[in-house]
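Every number in this text was worked out from the coordinates using simple rules, so none of it is lab data. As the structure is a computational prediction, the values presented were derived from the model and not from experiment. Don't worry about glycine lacking a Cβ; one is built from the backbone with ideal geometry, like all the others, and counts go over all protein chains shown.
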Amino acid sequence: MTDPAQYDVLMRNIFRLVEDAELLLDAGRYASANALAIFALEEAGKYTAFMSETQPPKKAKLHVFRQETIGEYFRSAAFFEAVARELDPMLESLKEKSPESYAEAMAMPRRDLLRLTMDSILTDPEFDMDKFMRRVIGIDPSMTFGAEAKAGEYHRERQESVHADYDENGNVTSNPFDITEEKAIRSVEMARWGAQLQKFWLSSWEKHRDDPT
């Protein structure tokens, strides 16, 4: 695993962009806040790609690849949270169906039990991850960010947040003043969450360093 210290400047830049976006949001500069928040999400995706040693596909647009990467991280974090919330009810159900399996499960460290449960769920061909997360966590923009980024929606929104453009007939095709407070809040909150998630790499590195097994 890569030492996070190698990318300290990138980590600091993610938080700088998020904090600047929050200042702009508070000042009512919604388009600028939205643009910086999306830039922060891309930087968070870059950090995630570096730490996970994920390479972009050939001919991929780097900023879209980085958006997709942080989007996948959002989904992974949401899945982990959903399983963690549902673990105790799952264990109670297991206790009724198979007391021996329940006893074995309870003897495991909770971290290992969570990992085993997640792996088991994901091997079920009938498991619907999106339905499961919506039921447990609810609807959250971060859970659809990756798919929307892949479709180019955040590329277009980033452009609209910065550029005023016209077509050949002089009609406005991109208007930063159309970026609403709601959109800006959504992006800034996701960027803050994306920044916070990057701290996981540091704690994971420290744990691996102190206990390689």
Flagged links, alpha-carbon separation over 21 Å, of 61/150; 95/131; 59/150: 95/131
Qualifying GluC sites (Glu not before Pro) for the range 114-179 [loop in DSSP, other Cβ within 10 Å: at most 12]: 126, 168
Exposure proxy ranking, count of Cβ atoms within 10 Å, fewest first, for 117, 123: 123, 117
Amide proton proximity set for residue 174, modelled H, under 5 Å, gap of 5+: 165
Unit charges on C-beta of K, R, D, E only; dipole of the range 4-210, Debye: 520 debye
Kirkwood hydrodynamic radius (C-alpha pairs) into Stokes-Einstein, the chain, 37 °C and 0.692 mPa s, D in µm²/s: 170 µm²/s
Whole-angstrom gap from the range 127-191 to the range 73-119, using each part's C-alpha centre: 34 Å
Length-normalised contact order of the range 4-210 in % [C-alpha pairs under 8 Å, at least 6 apart]: 35 percent
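Tell me the GluC sites (Glu not before Pro) within the range 34-89 that lie in a loop according to DSSP and have at most 10 other beta-carbon atoms within 10 Å. Spell out each step's value before the answer.
Working: sites: 42, 43, 53, 68, 72, 81, 86; in loops: 53.
Sparse-neighbourhood loop GluC sites (Glu not before Pro): 53.
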